[in-house]
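Remarks on the structure that follows.
The values are calculated or read from the model by the stated rules, or taken from the named source; none is laboratory data. Bear in mind that the values here come from a model prediction, so they are computed numbers and not experimental data. Cβ placement follows ideal geometry from the backbone for every residue including glycine, while neighbour counts extend to all protein chains displayed. Protein only, heavy atoms only, side chains kept; ligands, DNA and RNA dropped before computing areas. Shrake-Rupley method; radii C 1.70, N 1.55, O 1.52, S 1.80 Å.
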Amino acid sequence: MRIILYLCEDFDTTTMIEKIQKLIEEVGALQAKNADEVEALRIKYLSKKGELNALMADFRLVPADMKKEVGMRINELKTLALDKINSLREAVQVAETAGDDVDLTRTPYPVRLGTRHPLTLVRNEIVDIFSRLGFTLAEGPEVEDDWHVYSSMNFADDHPARDMQDTFFVEAHPDIILRSHTSSVQARVMERQQPPIRVICPGRVYRNEAISARAHCFFHQVEGLYIDKNVSFADLKQVLLLFAQEMFGSDTKIRLRPSYFPFTEPSAEMDVSCTICGGKGCSMCKGAGWLEILGCGMVDPAVLEANGIDSTQYTGYAFGMGIERIANLKYQVKDLRLFSENDVRFLDEFESA
Ligand code: PHE
């Protein structure tokens, strides 16, 4: 009895409260990476030989008038430790399952696949047809200099196409422009390669036009160039006929009308028999039975010379077409603006194409 009294009087309650407070802070900050670590913490704090039981043993020595306060603190610590260890256990369980072959972060089915843009579909189809005819792909910059877009292509200095109405100039750099046609890629290919040259050049071009259903300030072209010995207009015609039949069907007919381009001589524009009525005349072809699809011609000897190719040895042909125009004929898109508005209701229509 004496001993117990002695112990009670001597018992340092303040140190015990401080110890509980330290444990509360410690438990609040506990962390665990896996189930084993959680179990180790449980043993450390909540098992028979754990911190909490040790406190309970000491609790018997707390003087009666302090029992209430110390008891409350021990309870606080106990609840906290139980909650903390349970929540750590749950957290590592979720992390461990997520690491299994089940990916809990994955978007549920059905996964919605994106679709290719109609202009990409048509571009790929054009490139594919010409690849089968031996053409290789060439590309060039959209921001170009005057030389590659105009001068090397035999445009006279005062040619109206250089006018502000057509060309976007880079402010303070009148020589730097946005290319207004993909013919600039012809120049870039010729300056680094001698014939035989057989390239197809798809790309975006820019013209200073008011935006409407029928015109836009940017659109897409595909240009073709073939230079070798003895290339003739008959070769051009045959390749274009093959292209038209692959693109629009084997019954398709073509016709060439004389035209003018600075970089080709002679030049022509090509029509295909109407893709809707086959030539009888309908609203699509405005009764004519024909639809214009591209410009073409024999490369002007002045262009060959300007680009370092001997025009006494080589001849060549070139052609250029608008991808939007071909897409319109294939899909009857009435308004050019739809191609650049990214309206998914429009784009979704090409899902199966
Ligand atoms: N570059 C011409 C245009 O933009 C098209 C074309 C290319 C015509 C090649 C003839 C030969 O209209």
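Using only C-alpha atoms and all pairs of different ones, pull out the Kirkwood radius for segment 197-295 in Å with one decimal.
15.4
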Report the gain in length on full extension from Gln238 to Ala210: 0.36 nm times residue separation, minus Cα-Cα distance, nm rounded to one decimal. 6.4 nm
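Rounded to the nearest 5, what is the percent of antiparallel bridges among the DSSP beta bridges in the chain?
Numbers: 43 of 45 bridges.
Antiparallel bridges: around 95 percent, rounded to the nearest 5.
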Express the carbon and sulfur contribution to the solvent-accessible surface of segment 241-349 as a percent, rounded to the nearest whole number, probe 1.4 angstrom. 50
I need to check one value: relative contact order of the chain, counting alpha carbon pairs closer than 8 Å and at least 6 residues apart, in percent. 14
Residue with peak Gaussian network fluctuation, the chain [Cα springs, cutoff 10 Å], from Val94, Val222, Val189: Val94
Expressed in nanometres to one decimal, the distance between label points 7 Å along Cα→Cβ at Met66 and Asp103 is 5.9
The chain - mean residue ellipticity at 222 nm from DSSP helices (-39,500 (n - 2.57) per run, n ≥ 4, rounded to 500): -13000 deg cm²/dmol
Across the alpha-carbon set of the chain, Rg over Rh with Rh taken as the Kirkwood radius works out to 1.48
Please sort 294-304, 258-268 by packing, taking for each peptide the average over its residues of neighbouring beta carbons within 10 angstrom, highest first. 294-304, 258-268
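Structure shown: which of Lys33/Lys68; Lys48/Lys68; Lys229/Lys330; Lys22/Lys84; Lys229/Lys253 lie over 26 Å apart, alpha-carbon to alpha-carbon? Write out the running numbers ahead of the final one.
Values: Lys33/Lys68 37 Å; Lys48/Lys68 23 Å; Lys229/Lys330 35 Å; Lys22/Lys84 16 Å; Lys229/Lys253 28 Å.
Violating the 26 Å limit, Cα to Cα: Lys33/Lys68; Lys229/Lys330; Lys229/Lys253.
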Segment 34-87, relative contact order [Cα under 8 Å, separation at least 6], %: 34
Nitroxide proxy distance, nm - points 7 Å out along Cα→Cβ at Glu341 and Ala57: 8.1
Once you order the gyration tensor axes a ≥ b ≥ c over the Cα atoms, which shape class does segment 136-287 get: rounded for a/c under 1.5, otherwise prolate or oblate by comparing a/b with b/c? oblate
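Figure the gain on full extension for Glu76 and Ala35 (residue separation times 0.36 nm, minus the Cα-Cα span) and round it to one decimal in nm.
Details: separation 41, 0.36 × 41 = 14.76 nm, distance 2.45 nm.
Roughly 12.3 nm would be gained on extension.
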Given a 1.4 Å probe, the accessible area of segment 118-350 per residue, as a whole number of Å², is 47
Take the alpha-carbon centre of segment 42-83, take the same for segment 121-199, and report the distance between them in whole Å. 84
Between Glu292 and Lys48, the two model label points (7 Å from Cα along the beta-carbon direction) sit apart by a distance in nm of 9.9
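From the C-alpha coordinates alone, can you work out the Kirkwood hydrodynamic radius of segment 299-353, in Å? Show your work: numbers first, answer last.
Working: mean 1/r = 0.0686 Å⁻¹.
Final number for the Kirkwood radius of segment 299-353 is 14.6 Å.
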Give me, ordered by chain and number, the residues 5 or more places off Cys282 or on other chains with an amide H under 5 Å from its own placed amide H. Gly287, Ala288, Gly289
Run the paramagnetic zone check for His117: 7 angstrom along Cα to Cβ, then residues of segment 210-239 with backbone nitrogen under 19 Å. 211-223
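Can you give me the % of accessible surface on segment 2-97 that is carbon or sulfur? Probe 1.4 Å, all protein chains present, nothing else counted. Spell out each step's value before the answer.
Numbers: 3760 of 6640 Å².
Exposed carbon and sulfur together represent 57 percent of the surface.
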